[in-house]
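Here, each number is a calculation from the coordinates, and none is a lab measurement. The structure displayed is predicted, hence computed values, not measured ones. Because the Cβ atoms are built from the backbone with ideal geometry, glycine has one as well, and the counts that use them run over all protein chains shown.
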Amino acid sequence: MKELRDDGIIIENSLTHERSITKVPVISVLEADDIYDYILVIIRQDQMAGLLPILARNRSSNIVFMANNLMGAEAYAAIARERIPARLCIRRKGNGKALWCMR
C-alpha cells in the first residue's frame, strides 16, 4: 500500500513506453458509510473471503476486482453466496451478465 500511496497508479504503454501516473486515495479501512466513485480491490485470492462481507456493507456502487489467479468470477460468486449477508452483484466481464446477485 505504501508504494501505491507514494507513487500512484503507473500505466505504461508497452509499444511507446509512455507512462501515465495517477495519484489515487488509498485506504486501509473501508467503513459502511464511505462513498467512492470506484473502489479498486487488488488482493490475493486467499484474502477474498474475508473482504467480501466488508465490501457488501459499503454503499459505493462500483467495485472493481483485479486479481491474478485462475479462480474466475464463478468462484467469487460462490464465496459471496456463502459469506455475504448484504447486497452484492458479481458480473462477468464482457457481456455484463450477472452471475449472482444479493440484495
Residues meeting the amide H criterion for Leu40 (H placed from the backbone, H to H distance under 5 Å, 5 or more places apart or on another chain) are Val64
What are the ³J(HN,Hα) values, in whole Hz, obtained from phi via the Karplus relation 6.51 cos²θ - 1.76 cosθ + 1.60 with θ = phi - 60°, for each residue of the stretch 44-61 in sequence order, with x given for Gly and Pro?
6, 4, 6, 9, 4, 4, x, 7, 4, x, 5, 5, 5, 6, 7, 9, 5, 7
Working out 0.36 nm times the residue gap between Ile42 and His17, then minus their Cα-Cα distance, what length gain in nm do you get to one decimal?
6.6 nm
Output the peptides 13-25, 31-43 sorted from most to least packed, where packing is the average of other Cβ atoms within 10 Å over each peptide's residues.
31-43, 13-25
